[in-house]
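We did not get these values from a lab; they are worked out from the coordinates using the rules stated. The model shown is predicted, which means the values in this text are computed figures rather than measured ones.
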Amino acid sequence: MKAFSLIFLTLFLGKSCSNEAQNDITNSVIQYTANSRGMHLKIIVVNQKATISQGRGTDNPSESVNISDADWKELVTEFSKINLDEVPNLKDPTQKRFYDGAAIANLKIRYQDKNYETVAFDHGFPPAAIEKFVNKIVSLAKKEE
């Protein structure tokens, strides 16, 4: 009987941990921005929907798109790998934005009423710890072009 209850608890706890990552991203607001003199990109991801704005002003309205299940699953997986407390301390791998070699990018995550924001980094060259996550978010905008 003890063995049965031990196996049951192990399966139950293991199952709840796997759903925790999805709950994390479901209860989060993720905003990616990239700006330069000639370009503006803003992507906001909230609960399997992305709002994409490419350009400044009222001439460039934002588009709202549904994120496919496959893309959402990949976002959930990559989000679960991120240590949110380390996000503000991530080091930018390149400094091309200092001489107009790349747009200035930033990632903001709002989770459980707390904000986590990266230091500025080069668009297309995110810090290694969030690289796959950021590239997946940016790929959502590329599908709409």
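From the phi of every residue in the stretch 71-84, what ³J(HN,Hα) in whole Hz does the Karplus formula 6.51 cos²θ - 1.76 cosθ + 1.60 yield, where θ is phi - 60° and glycine or proline is x?
Once θ is set to phi - 60°, the couplings for the stretch 71-84 become 5, 5, 4, 5, 4, 4, 4, 5, 5, 5, 7, 7, 8, 4 Hz.
Residue by residue through the stretch 123-133, what is 3J(HN,Hα) from phi via Karplus (6.51 cos²θ - 1.76 cosθ + 1.60, θ = phi - 60°)? Round to whole Hz and write x for glycine and proline.
3J(HN,Hα) across the stretch 123-133, in whole Hz: 4, x, 9, x, x, 4, 5, 10, 4, 5, 5.
Per residue of the stretch 36-51, in order, report the coupling 6.51 cos²θ - 1.76 cosθ + 1.60 (Karplus, θ = phi - 60°) as ³J(HN,Hα) in whole Hz, putting x for Gly and Pro.
Those phi angles translate into 8, 5, x, 8, 9, 9, 9, 10, 10, 10, 9, 6, 6, 10, 10, 10 Hz.
Structure shown: which of 114/142; 42/96; 73/96; 49/96 lie over 26 Å apart, alpha-carbon to alpha-carbon?
114/142; 73/96; 49/96
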